[in-house]
Amino acid sequence: MPRMLDVSDEVRAEIGDEEADRLLAGENAPGSYDCTSCRTPGDSEQERTSTVLFIGDETAVLAFAHATCLPSQVVQVTEEQLQGAVRSITADGEPARTEAEQAVLGVTSGLVLVSGELYPALVVEPTAPIARPGTSGTGDDFLPLLVEQGFVPLTGIETVPPVLHGWSVLLAMGQLHAILQPGAVGGSPVAWWQAHQPLQAADTWRAAAAKHQQVLLFAAPVGSIGRQPREDLLREALDKAAANGKLVAATLPLAGT
C-alpha cells in the first residue's frame with residue numbers, strides 16, 4: 001500500500017531513485033514507526049511522514065519522523081554514533097537510530113502565561129541523551145551544559161527568567177530560523193540550533209514576540225516534555241518537568257521581525 005511519505009531531493013540523491021520509489025510504494029517503508037524527532041508513534045499510512053537519513057563516514061541509517069516534526073532531510077553524524085546505534089539494536093527490532101539522534105534538537109513553540117502575561121516561548125528537547133563533548137559516557141549532560149552557558153534551573157514557572165545576553169532568537173518574515181549563541185572570543189553569533197527549513201510562527205506567537213521583543217527559552221532532557229498538541233498540555237508538561245528538577249530557562253532577545 002502506498003505510504004504518505006515525503007522523500008526530499010536530498011534524501012533521494014543519497015538513496016537513489018529506485019529505493020526512493022520502493023519506499024513511496026510501501027515496499028520498504030514501515031506502516032507504524034516511532035518518530036525520530038518526538039519519539040511518539042506515527043503511521044505512514046495515515047499521516048504525512050518524513051524520511052530522515054542519518055549518514056556517517058561509512059554507514060547510513062534511514063529513520064522516519066512526523067512531517068510536522070521534521071522535514072525530510074539528510075543529517076550528518078559521526079560514524080561512531082551510527083555504529084553505536086547498530087550495536088544497540090534489541091531483539092524486538094528497535095530501529096537502529098538512538099545514538100544517531102544525539103545531534104537532533106526538537107523545538108516546539110507556544111505561548112506561556114507568566115505573572116498574568118502571555119509570553120512567546122520555545123521549548124527545546126533533544127531526541128537522545130546529550131553527552132559532554134569529548135567524553136564517551138552514557139550519561140545526559142544536556143542541562144548541566146546549558147547551566148554553564150547561563151541558563152537557570154527552574155522549580156516552577158512563576159517569573160520571567162533572566163535575560164541571557166549574547167543569545168538571541170532569529171525570526172525573519174514571521175518564520176523561525178535559528179537560536180543563536182555567542183561566537184568564540186567575541187566573534188559573530190553562531191547557530192546553537194538552526195531550522196533545516198524556516199518554521200512558520202503562529203500569528204499569536206508573533207504578536208507576543210513583537211510586543212515583548214524577547215522569547216522565553218525552556219530546555220529539558222529527552223523524555224521530559226514530549227510532543228504536546230495543545231498549549232495547555234505543553235504548560236502541564238513544563239510544570240511537571242520543573243517540579244522534577246528537569247527544566248532550565250532563559251529569556252532571549254528577539255533578532256529580526
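Residues of region 198-223 being modelled with pLDDT under 90 and within 27 Å of D140 (Cα to Cα), which ones?
Scanning region 198-223 gives V222, G223.
Within region 208-227, identify whether any single residue is closer than 30 Å to D34 by Cα, of a type in the set (S, T, N, Q) and without any contact (Cβ under 8 Å) to a residue 40 or more places away in the chain, and answer yes or no.
So far as region 208-227 goes, no, none of its residues is closer than 30 Å to D34 by Cα, of a type in the set (S, T, N, Q) and without any contact (Cβ under 8 Å) to a residue 40 or more places away in the chain.
Restricting to region 201-224, give me the number of residues that are in a helix (DSSP H, G or I) and in contact with a Phe, Trp or Tyr (Cβ under 7 Å, 6 or more places away or on another chain).
So the count comes out to 2.
Inside region 161-174, can you point out the residues that are surrounded by 14 or more Cβ atoms within 10 Å (Cβ to Cβ) and in a loop (DSSP other than H, G, I, E, B)? If you could, list the steps in order and put the result at the bottom.
Narrowing region 161-174 to residues surrounded by 14 or more Cβ atoms within 10 Å (Cβ to Cβ): 161, 164, 166-171, 174.
P161, L164, G166, W167, G174 - these are the residues of region 161-174 that are surrounded by 14 or more Cβ atoms within 10 Å (Cβ to Cβ) and in a loop (DSSP other than H, G, I, E, B).
Which ones in region 175-205 are closer than 15 Å to L122 by Cβ, of a type outside the set (A, V, I, L, M, F, W, C), surrounded by 14 or more Cβ atoms within 10 Å (Cβ to Cβ) and in contact (Cβ under 8 Å) with a residue 40 or more places away in the chain?
H177
Identify, please: which residue in region 26-47 is modelled with pLDDT of 85 or more and surrounded by fewer than 14 Cβ atoms within 10 Å (Cβ to Cβ) and is, among those, nearest to S109 (Cα to Cα)?
E47
List the residue pairs whose Cβ atoms are under 9 Å apart, where the first residue sits in region 109-132 and is on the phi < 0 side of the Ramachandran plot, the second is of a type in the set (D, E) and at pLDDT 90 or above, and the two are 6 or more positions apart or on different chains.
V114/E158
Which pairs turn up if I take residues in region 239-251 that are in contact (Cβ under 8 Å) with a residue 60 or more places away in the chain and farther than 9 Å from L154 by Cβ and look for partners that are among the polar types (S, T, N, Q) and surrounded by 14 or more Cβ atoms within 10 Å (Cβ to Cβ) with beta carbon separation below 7 Å, at least 6 apart in sequence or on another chain?
K246/S224; T251/Q214
Check region 242-251 and report whether any residue there is over 20 Å from the mean Cα position of the chain (by Cα) and of a type outside the set (A, V, I, L, M). Walk me through how you get there before you give the answer.
Keep residues of region 242-251 that are over 20 Å from the mean Cα position of the chain (by Cα), which gives 243-245.
Subsequent filtering for residues that are of a type outside the set (A, V, I, L, M) retains 244-245.
For region 242-251, residues over 20 Å from the mean Cα position of the chain (by Cα) and of a type outside the set (A, V, I, L, M): present.
The values are calculated or read from the model by the stated rules, or taken from the named source; none is laboratory data. Predicted model, so just to flag it, every value in this text is computed and none were measured. Reconstructed Cβ throughout: ideal geometry from the backbone, glycine too, with neighbour counts over all protein chains shown.
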